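Colleague: Can you read through this structure? Questions will come right after.
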Amino acid sequence: MGRQPSLSSVAQGIIETSKGTLDLCNDWERWLLWLGSAESFRYVPKSSEPAYTVRKEKATKGDAFYWYAYRKSGGKLAKCYVGLDHDLTVNNLEAIAKKLTGKLQRKVTEKIPVTNESAKQLQIQIEELQRQLSVTLGKSKN
């Protein structure tokens, strides 16, 4: 697989490549042909879900290539298996967008153990920030 000059983008079922546009809903054979030479692309869901990147990765065993989806949010990276070329349908790509959102929401809401010492340090930092804010606001009024 050669390097692509820029990341292609799929939005509303239409892919924008350096060679033009392609409607993946109405031209399945050309879509599969394009996927055969592609390494990655950006998918913009039809829903309100955020966009994500889809990358082709070589299997650890054998010669097969599989597609994986990635989205980063708030410093957290979510990865989701998409499948083989024929699995990259609009419906599947839309479902993957929701899965990535779910994974990122779980990562954000995971409980982080807090010790008494770390809670005290956080309280000290909060009080210092409040003091600095109070000083800053007092200076801006003068």
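Colleague: Name the residue from S48, C80, T115 whose Cα lies farthest towards the positive end of the charge dipole of the chain, charges +1 on Cβ of Lys and Arg and -1 on Cβ of Asp and Glu.
Modeller: My answer, from the dipole projection, is T115.
Colleague: Could you work out, for the chain, what percent of all Cα-Cα pairs fall into each 5 Å distance bin, beginning at 0 Å and stopping at the bin that holds the largest distance?
Modeller: Percent of Cα pairs in each bin: 2, 8, 15, 16, 13, 9, 6, 5, 6, 7, 6, 4, 2, 0, 0.
Colleague: To the nearest 20 Debye, how big is the dipole of segment 12-142 about its Cα centre, given +1 on the beta carbon of each Lys and Arg and -1 on that of each Asp and Glu?
Modeller: My answer is approximately 640 debye.
Colleague: Going out from 0 in 10 Å bins, what whole percent of all Cα-Cα distances in segment 5-59 drops into each bin?
Modeller: Computed distribution, short to long bins: 24, 57, 19, 0.
Colleague: Further question on the same structure: Separation between the L84 and R131 pseudo-spin-labels, each 7 Å from Cα along Cα→Cβ, expressed in nm?
Modeller: 6.5
Colleague: Which residues make up the longest stretch of the chain that has no trypsin sites (Lys or Arg not before Pro) in a DSSP loop with at most 15 other Cβ atoms within 10 Å?
Modeller: Answer - 62-110.
Colleague: How far apart, in nanometres, would the label points at E94 and K46 be if each is projected 7 angstrom from Cα along the Cα-to-Cβ direction?
Modeller: Result: 0.4 nm between the two label points.
Every number in this text was worked out from the coordinates using simple rules, so none of it is lab data. Treat the numbers as computed from the prediction; the structure is a model and nothing was measured. So basically every Cβ, Gly included, is an ideal-geometry build from the backbone, and we count neighbours across all protein chains shown.
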